[in-house]
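Read through the structure below, which is laid out as structure tokens, and then see the notes.
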Amino acid sequence: MFLKIKNIPKVSWSSEKPLNLKPRISTFFFLSFGLVLFGLGEGLLIVSAAGASPWTVFAQGIYLNVGLSVGIITILVSVAVLVLWLPLNQKPGIGTILNALIIGLMIDICIKFVPTPENYISQLFLAIIAVLTVGLGGGIYLVANLGAGPRDGLMIGLQKKTSLPIATVRATLEITVMSIGWYLGGTVGFGTLIFAFGIGPAVALGLFIVGKSFN
């Protein structure tokens, strides 16, 4: 059952270690492909207009109480999450850098070329597709084992410390930051709730599909 997955699968194209500056072409390809899907999903969530992601709501809530821009707060939160990697023994890699670059690029492409659905049902459907796309993309790029993004690295580190299923750890993280952001005044939509409760199982499903398909 994919909801019980506790470890990132290792397949033929997985890197032996995250800090690998000369990965195989296949490893780099799947890393990039996974991040493209991840960014596409993040962009589709924004385009759906059904609600921002939990971490964006978190940044918005802090913005309303501190005064710094949402963008600056997002960067500071990412740095803070990376600091939390230290006691969790998480190691960065080229995937950690490409995470920000590729995902940001795909979000911009989505906003430019994908129209927002006109009715609410279509918006919710697009939000669900977005979460599933992020989950599949996350599964592919994490299996490459070339370094995770800040949130994914925190998820993996906490999973190793707690031995809880990945779906549970990720859902707990997303629901927690969403709740704090909402308490601070951030706006929560149905898309936010879909993402918060669905991204953990979606990432676990992505890992399950990749692990089964390449073993």
(message) Pick from 67, 198, 135 the residue whose mean-square fluctuation is largest in a GNM of the chain, springs joining Cα atoms under 10 Å.
(response) 67
(message) Quick check: net charge around residue 15, other residues with Cβ under 14 Å of its Cβ, Lys/Arg +1 and Asp/Glu -1?
(response) +4
(request) Given the options 120, 63, 141, state which has the largest fluctuation in a GNM of the chain using a 10 Å cut-off (strictly under) for Cα springs. (result) 120
(message) Exposed loop sites here are trypsin sites (Lys or Arg not before Pro) in DSSP loop states with at most 14 other C-beta atoms within 10 Å. What is the longest stretch of the chain lacking them?
(response) 25-215
(request) Would you mind counting up the charge near residue 154? Only other residues with Cβ under 15 Å from its Cβ, with Lys and Arg at +1 and Asp and Glu at -1. (result) +3
(request) Pairs to check: 22/212; 17/161; 6/91; 22/112; 17/112. Give those whose C-alpha atoms are more than 28 Å from each other in this structure. (result) 22/112; 17/112
(request) Let me know the volume per residue of the alpha-carbon convex hull for segment 24-213, in Å³. (result) 116 Å³
(request) Note down the net charge around residue 36, summing +1 for each Lys or Arg and -1 for each Asp or Glu among other residues with Cβ under 14 Å from its Cβ. (result) -2
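Values quoted throughout were computed directly from the atomic coordinates according to the rules given, and no laboratory measurement underlies them. Remember, it's a predicted structure, so these values are computed and weren't measured experimentally. Cβ atoms come from the backbone with ideal geometry, glycine included; neighbour counts cover every protein chain shown.
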